[in-house]
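Colleague: Next up is a structure, given as structure tokens.
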Amino acid sequence: MSLRIGCHLSTAGGFLAMAKTAEQINASTFQFFTRNPRGGAAKAWDPQDVSAMLEYFEKAGIAAPLAHAPYTLNSCASDDNIRRFARETMKDDLERLEMIPGAMYNFHPGSHVGQGAEEGVRLISDTLNSVLCKDLHTTVLLETMAGKGTEVGRNFEELRSILDRVELTEKMGVCLDTCHVWDGGYDIVEDLDGVLREFDSVIGIDRLKAIHINDSMNPRGSHKDRHEKIGQGKIGSEAFRRIVNHPLLKGLPFYLETPNELDGYQREIEMLREMSQD
Ligand code: FE
Ligand code: FE
Ligand code: ZN
């Protein structure tokens, strides 16, 4: 199977346009924001546009579109209104995503804003328990975080604690962001095997559903979350070569999300495809 790779795309032109753009830059998947990343009301999704996109997927060999929740949602805020907003937005996003079979929904667990990680974990899992339902078709992904400020999900244990408290746990998975785990202290450059072994023992490798493939501007453990283009940061090309070829990661979809022009994304996709050994 050849590398399933794509990048973050703008929804401005609609759904079909995203599929066409993906094909143009030789991507076989892509990520998009469900609404303005800063939050707020989403305009209605046009069912015809969505079905045109799904048809185009087949023609272009595209799969595993990844919907990203607005990064301003905070499902473990101390303020009830902020938490309610996160819950209602996620619920609405998940209802919409039923239109896109095979989509996954990624979100940042949140920031505990001084309440402590344990309380953060409790509030995040409460949110998930109120938005997940048995007949949901979308897999919901917790993103591994860099541990900036009071971010929850800064290590594998915190993600595991969230998963442990979610009732419909079969709906849940994890998206590993290479910049974030590196900034969080995991040595994916010198010891990718060890990091994945740790992921497996703490969370379970079968939970890993997607990879955000970003280089980092900062040294390991910096907890900064500043993305860099592939090969231009502290993670470096050789580590990415090992990442795209690792037997435990190979079959997963990879999403580039460091701000880049389309032709820049296209070059990175080409470079990673060349590195990939199948
Ligand atoms: Fe993210
Ligand atoms: Fe990410
Ligand atoms: Zn990030």
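The values are calculated or read from the model by the stated rules, or taken from the named source; none is laboratory data. Please read these numbers as outputs of a predicted model, since none were measured by experiment. All Cβ positions, glycine included, derive from the backbone under ideal geometry; neighbour counts span all protein chains shown. Surface accessibility is based on the protein's heavy atoms, side chains included, excluding ligands, DNA and RNA. Shrake-Rupley method; radii C 1.70, N 1.55, O 1.52, S 1.80 Å.
Colleague: How many residues does the range 8-19 contain that are surrounded by fewer than 18 Cβ atoms within 10 Å (Cβ to Cβ) and within 18 Å of Glu268 (Cα to Cα)?
Modeller: Residues that pass the stated criteria total 1.
Colleague: Now for a different question. Would you check if Thr72 is in contact with a strand residue (DSSP E or B) (Cβ under 7 Å, 6 or more places away or on another chain) and closer than 26 Å to Leu132 by Cβ?
Modeller: For Thr72, the condition - in contact with a strand residue (DSSP E or B) (Cβ under 7 Å, 6 or more places away or on another chain) and closer than 26 Å to Leu132 by Cβ - is not met.
Colleague: Follow-up. Which condition does Tyr71 not pass, out of (1) more than 16 Å from ligand 2 (Cβ to nearest atom); (2) modelled with pLDDT under 95, if it passes all the others?
Modeller: Tyr71 satisfies all of (1) more than 16 Å from ligand 2 (Cβ to nearest atom); (2) modelled with pLDDT under 95 except (1).
Colleague: Being touching a residue at least 24 places away in the same chain (Cβ under 8 Å), open to solvent by less than 20 Å² (accessible area, probe 1.4 Å), on the phi < 0 side of the Ramachandran plot and within 17 Å of the chain's Cα centre (by Cα): is that true of Leu192 here?
Modeller: It is false that Leu192 is touching a residue at least 24 places away in the same chain (Cβ under 8 Å), open to solvent by less than 20 Å² (accessible area, probe 1.4 Å), on the phi < 0 side of the Ramachandran plot and within 17 Å of the chain's Cα centre (by Cα).
Colleague: Filter the range 204-221 down to residues that are touching a residue at least 40 places away in the same chain (Cβ under 8 Å) and either surrounded by fewer than 17 Cβ atoms within 10 Å (Cβ to Cβ) or out of contact with any Cys (no Cβ under 9 Å at 6 or more places or on another chain) (or both), then give me how many there are.
Modeller: Here the count works out to 2.
Colleague: Name the residues in the range 1-17 that are in contact with a helix residue (DSSP H, G or I) (Cβ under 7 Å, 6 or more places away or on another chain) and under 26 Å from Glu228 (Cα atoms), would you?
Modeller: Passing the criteria: Leu3, Ile5, Gly6, Cys7, Leu9, Thr11.
Colleague: Mind checking whether some residue in the range 137-151 is at pLDDT 95 or above, over 18 Å from the mean Cα position of the chain (by Cα), more than 15 Å from ligand 2 (Cβ to nearest atom) and open to solvent by less than 10 Å² (accessible area, probe 1.4 Å)?
Modeller: Checking the range 137-151: not a single residue is at pLDDT 95 or above, over 18 Å from the mean Cα position of the chain (by Cα), more than 15 Å from ligand 2 (Cβ to nearest atom) and open to solvent by less than 10 Å² (accessible area, probe 1.4 Å).
Colleague: Take the range 246-265 and flag every residue that is open to solvent by 20 Å² or more (accessible area, probe 1.4 Å) and either hydrophobic (A, V, I, L, M, F, W, C) or over 19 Å from Val195 (Cβ atoms) (or both).
Modeller: Within the range 246-265, Leu248, Leu252, Glu257, Pro259, Asn260, Glu261, Leu262, Asp263 qualify.
Colleague: If you don't mind, there's one more thing I want to ask. Give the range 46-67 a look and list any residue that's open to solvent by 30 Å² or more (accessible area, probe 1.4 Å) and either at pLDDT below 95 or under 21 Å from His212 (Cβ atoms) (or both), or say none.
Modeller: The answer is Ala63, and nothing else.
Colleague: State which residue pairs qualify: first residue more than 24 Å from Ile82 (Cβ to Cβ) and inside the range 124-139, second residue part of a loop (DSSP other than H, G, I, E, B) and of a type outside the set (Val, Ile, Thr) in any location, beta carbons under 8 Å apart, and separation of 6 or more residues or different chains.
Modeller: Lys134/Leu168; His137/Glu98; His137/Pro101
Colleague: Any idea which of Ile203, Ile188, Ile124 is more than 21 Å from Asn214 (Cα to Cα) and out of contact with any Lys or Arg (no Cβ under 6 Å at 6 or more places or on another chain)? Don't jump to the end; show me each part of the working.
Modeller: Working: Ile203 fails: out of contact with any Lys or Arg (no Cβ under 6 Å at 6 or more places or on another chain); Ile188 fails: more than 21 Å from Asn214 (Cα to Cα).
Testing whether each residue is more than 21 Å from Asn214 (Cα to Cα) and out of contact with any Lys or Arg (no Cβ under 6 Å at 6 or more places or on another chain) leaves just Ile124.
Colleague: What number of residues within the range 146-200 are under 17 Å from Val244 (Cβ atoms), within 16 Å of ligand 3 (Cβ to nearest atom) and not aliphatic (A, V, I, L, M)?
Modeller: Matching residues across the range 146-200 total 5.
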